[in-house]
1. Scanning the chain for helices, which whole DSSP H stretches are 15 Å or more long along the axis (Cα) and average -1.0 or more by Kyte-Doolittle?
2. Could you size up the charge dipole of the chain around its Cα centre, putting +1 on the beta carbon of Lys and Arg and -1 on that of Asp and Glu, and report it in debye to the nearest 20?
3. Under the definition of Cα pairs under 8 Å and six or more residues apart, what whole-number percent is the relative contact order of the chain?
4. Quick one: putting +1 on the C-beta of Lys and Arg, -1 on the C-beta of Asp and Glu, what dipole do you get for segment 251-327 around its Cα centre, in Debye to the nearest 20?
5. State whether segment 16-64 is rounded, prolate or oblate according to the following rule on the C-alpha gyration tensor (a ≥ b ≥ c being the square roots of its eigenvalues): a/c under 1.5 gives rounded; otherwise a/b larger than b/c gives prolate, and the remaining case gives oblate.
6. Mind checking the full-extension length gain between Glu84 and Glu173? Use 0.36 nm per residue of separation minus the Cα-Cα distance, one decimal, nm.
7. Normalising by the residue count of segment 60-122, find the relative contact order in percent from Cα pairs under 8 Å and 6+ residues apart.
8. Can you tell me which of 39-50, 4-15 comes out highest on packing, and rank the rest after it, using the mean Cβ neighbours within 10 Å?
Amino acid sequence: MAEVVNYKDLGLVNSRELFRQAVSGGYAIPAYNFNNLEQLQAIITACAETSSPVILQVSKGARSYANETMLRFMAMGAVRMAREMGSEIPIVLHLDHGDSFETCKSCIESGFSSVMIDGSHLPYEENVALTRKVVEYAHQYDVTVEGELGVLAGIEDDVVAEHSTYTQPEEVEDFVSKTGVDSLAISIGTSHGAFKFKVKEGEEPPPLRFDILAECEKRIPGFPIVLHGASSVVQEYVELINKYGGKMEGAVGVSEDQLRRAAASAVCKINIDSDGRLAVTAKIREYLANDPGEFDPRKYLGAARKELIKLIKHKNEAVLGSAGRAK
Ligand code: 13P
């Protein structure tokens with residue numbers, strides 16, 4: 001059997017106390033996805049420099065891309081790097097969209113401090129049973145668990161759904177009490193990926209369903225709620241990508257105003273993956289278009305990393321409100 005590693009020995013924390021503080025403080029903890037060294041360096045640098053707690057988020061696809069052992073050591077390295085920058089920010093290592101009990105168990109045994117079990121596509125009772133099983137296992141190791149009710153449309157690595165289904169507020173109380181989850185992802189109109197809404201030129205995307213969020217909050221007061229699919233799809237990056245040979249017409253995301261409003265409510269975790277991908281792609285395209293003879297990856301990946309740091313600082317400071325909250 002593979003060696004079992006406890007996240008506490010890696011210097012990581014679970015999300016429980018972070019969410020408690022975020023809900024009472026009216027801000028959200030950022031959950032940034034990463035797959036490689038430069039993304040991780042950027043997340044840690046930006047969060048250390050803004051004194052923000054952070055959730056390092058890994059999808060099943062990222063785990064197979066980067067290698068699970070490598071990822072664990074990268075997370076350890078991230079903790080050390082933050083300390084050496086003189087910053088004691090709390091760092092969570094979280095599995096995004098765990099698709100089975102086995103995947104969650106394997107992550108818990110390899111040092112994750114938090115896992116998501118996504119049974120949202122299953123019939124309600126099966127979602128309850130699967131989530132309950134993961135919670136029972138995870139809580140033995142003091143690992144926190146995120147569940148999901150309602151389905152988000154869009155594509156996120158292996159998770160694909162054509163249509164969204166809003167969360168039914170009348171289910172949330174029963175789900176939370178039967179499963180024992182620590183946080184709940186809900187569907188209020190966001191979707192995964194860079195093409196979140198179909199809007200005509202000059203039209204605004206539809207607002208999120210804050211009425212559903214308010215109904216959920218009423219039924220489970222103070223309980224941590226998670227928002228997936230929360231990239232803004234920064235238009236500056238989409239324009240750079242299209243200008244330098246890319247093809248991303250019609251890419252659109254959630255406005256920062258909507259995210260600020262969500263962060264001030266019981267939404268205490270906001271998931272951001274696509275914006276990071278866009279920043280990296282835009283800067284690499286720009287760099288190589290302007291300097292076609294360059295072949296040192298440190299040059300174009302360095303430019304991408306620098307942009308990612310800028311983006312993450314902006315999100316922490318001006319959108320999620322997590323800057324200065326590391327305790
Ligand atoms: P975005 O595609 O909007 O970045 O959402 C990411 C996400 O929800 C990860 O679970």
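1. Span-like helices here: 37-49, 68-84, 124-139, 169-179, 274-290, 297-314.
2. Numbers: 35 positive and 47 negative charges, 175 e Å.
Around 840 debye, computed over the chain.
3. Details: 675 pairs, mean separation 72.6, N = 327.
Value for the chain: 22 percent.
4. 400 debye
5. Oblate, because a/c is 1.5 or more while a/b does not exceed b/c.
6. Numbers: separation 89, 0.36 × 89 = 32.04 nm, distance 4.28 nm.
So the extension gain works out to 27.8 nm.
7. On the way: 55 pairs, mean separation 20.4, N = 63.
About 32 percent, as a whole number.
8. For the peptides 39-50, 4-15, the packing ranking is 39-50, 4-15.
Every read-out reported here was derived from the displayed coordinates using simple, explicitly stated rules and does not represent laboratory data. Please read these numbers as outputs of a predicted model, since none were measured by experiment. Note that each Cβ is placed from the backbone with ideal geometry, even for glycine, and that neighbours are counted across all protein chains shown.
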